[in-house]
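All of the numbers you see were taken from the coordinates with simple rules; none came from a lab. Because the structure is predicted, anything quoted here is derived from the model rather than measured. We place every Cβ from the backbone using ideal geometry, glycine too, and count neighbours over all the protein chains shown.
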Amino acid sequence: MKMLKTITLLITIIIFVSPVYAQEFEIEDVTQSTVVEDEDNNTVKSTNSYFELELKRGVQNPLNKEIPLTLYITPKIDSPKTQILWNIPSTFGVDIKHSEFVDLNKDQTYSFSIDVKPERTGSYGISVNVISWQFDTNLTNTVSSTITLSKSLIVQPVDPEFTLISLLLLLAFLLVSGIGIYLLVKISKKLLIKLKIWLTPPV
């Protein structure tokens, strides 16, 4: 009799526990993200059942070393209360150009930008979490990228656009300097002539 009760109890436990495990695996499959990195365009895309996220690194500013980052969000659900959380290492200064909570509509693409300013050489991971706050649960997706900096705090490998902008700035500086020197020489000559006339005693 005891043996029969034990078998019955085991069967009951298996019946109730099995759907729980099946449900857990099903949820895990739904929330799994697909990540695609495009090194040529400096973008990383992460897609799951809730959000399609694309993180793009813009061209570094040669003057102040700031690096623009743009997050493109295409929600696959209506998300009236969406939180955007950036995870930035402390070795960067950060200028966030958007609100932390935003209202997003399904299948529309939104862009949100920040500027980061490196303060130390090295390789650093930057990520951003997008969280949809629902009535009974939170739906989320994450995208991340790595930034490598030289001793001069320049992003590696160097973007061709960065090199071009640096050369244009150098040429502009040389041009302005040349014009300034030319004008200074012309003005100095005129002043010297006037000064010479002023110092010459009348005959």
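Data overview
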item: 20 °C / 1.002 mPa s Stokes-Einstein diffusion coefficient of segment 20-142, Kirkwood radius on C-alpha pairs, µm²/s; result: 137 µm²/s
item: Trypsin sites (Lys or Arg not before Pro) restricted to DSSP loop in segment 52-105 with at most 14 other C-beta within 10 Å; result: 97
item: Förster-model FRET efficiency, 25 Å R0, residue 161 and residue 117, C-beta, rounded to 0.05; result: 0.85
item: Compactness relative to 2.2 N^0.38 Å, alpha carbon Rg of segment 31-77; result: 1.37
